[in-house]
Amino acid sequence: MNTMNDGKTKNHSPSQNQKNHSADTILFIDARNIFRQVTRALREFTDEHIQNIASIVRLYRGENHRLQELLNKYQQQVNSLNNDLNDLRKDIITLQNELDKPEKENQGNQANQKNNSADKRKLEKEVELLNRQIKDTENRRDYFLGHINWLNERFPNGVYEDVTGLCKAATIKEIEEQDYSLNPGRYVGVVIEEDGLTEEEFIAEMKERHITLNALNSKAKELEELINQNLLAIE
């Protein structure tokens, strides 16, 4: 649970409307869906996730410039990683060119052929290592791009706004209507995922699933009777 009621800032004073907004409301943030899935059983809460949540609070306070500062910081990471990727890809090309040479120049004596084979295996390992580094660097770049997109999609205008399923600036009246509950889920709402089906398609799919369910129930009943008959035969 995250709540905030604070209209004070140290720098870049918010507008009068933003001051009134934060002074008359309480900010609720539902952070349950903010995480990175590391493995099936492990979810990670990173420093960037914490910064993103803090940005919501800062926007609510009217510190809009802080969001742009964070976006710039993420973009710098993306640019740096893109530069690293360019260097790694150049190294791959250089190694690949070296890797092609032994196949063309291995017509010498047996000793030279052995040396060429050893050099080739070494180059292949270096290429494999570089490919792993490229994949890791791409993942880290995409990680920061994901945070940029996450913030831009939810706050495209660079100012605070209520986001369904994430944050809500609730009035005292709204809190009173919820029996003064401080559970963010009471206020932020739930995001309903669209399945892309029309009403007719949905009804048809439900009928098909109902038929499948009835068939499975009938099969289960047959198995139950067969098991009972076998148990009676044993007795």
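Every number here is computed from the coordinates shown, using simple stated rules; none is lab data. Bear in mind the structure is a predicted one, so any value in this text is a computation, not a measurement. Positions of Cβ are generated from backbone atoms using ideal geometry, with glycine treated the same way; all protein chains shown enter the neighbour counts.
So which chymotrypsin sites (Phe, Trp or Tyr not before Pro) in segment 164-235 pass both tests, a DSSP loop state and at most 14 other Cβ atoms within 10 Å of the Cβ? Here the sparse-neighbourhood loop sites are TYR180.
Cross-link reach is defined here as a Cα-Cα straight distance under 16 Å, omitting same-chain residues fewer than 8 places apart; for LYS73 the aspartates and glutamates meeting it are ASP47, GLU48, ASP142.
Computed from backbone phi, the HN-Hα couplings of segment 153-162 come to 5, 8, 10, x, 8, x, 10, 5, 8, 5 Hz, rounded to whole numbers (Karplus: 6.51 cos²θ - 1.76 cosθ + 1.60, θ = phi - 60°; Gly and Pro given as x). FRET efficiency for the pair GLU205 and THR164, taken as 1/(1 + (r/R0)^6) with r the Cβ-Cβ distance and R0 = 30 Å, rounds to 0.70. Each residue of segment 206-214 is assigned a 3J(HN,Hα), and the resulting list reads 5, 5, 5, 5, 5, 4, 4, 4, 4 Hz, derived from the Karplus form 6.51 cos²θ - 1.76 cosθ + 1.60 (θ = phi - 60°), x at Gly and Pro.
Remark on GLY189: its backbone amide H falls under 5 Å from those of GLY165, a criterion applied only to residues 5 or more positions apart or on other chains, H modelled at 1.01 Å from N. Highest mean packing comes first when the peptides 58-69, 33-44 are listed by Cβ atoms within 10 Å, giving 58-69, 33-44. Using the Cβ of ASN131 as centre and a radius below 11 Å, the other residues enclosed give a net charge of -2, where K and R count +1 and D and E count -1.
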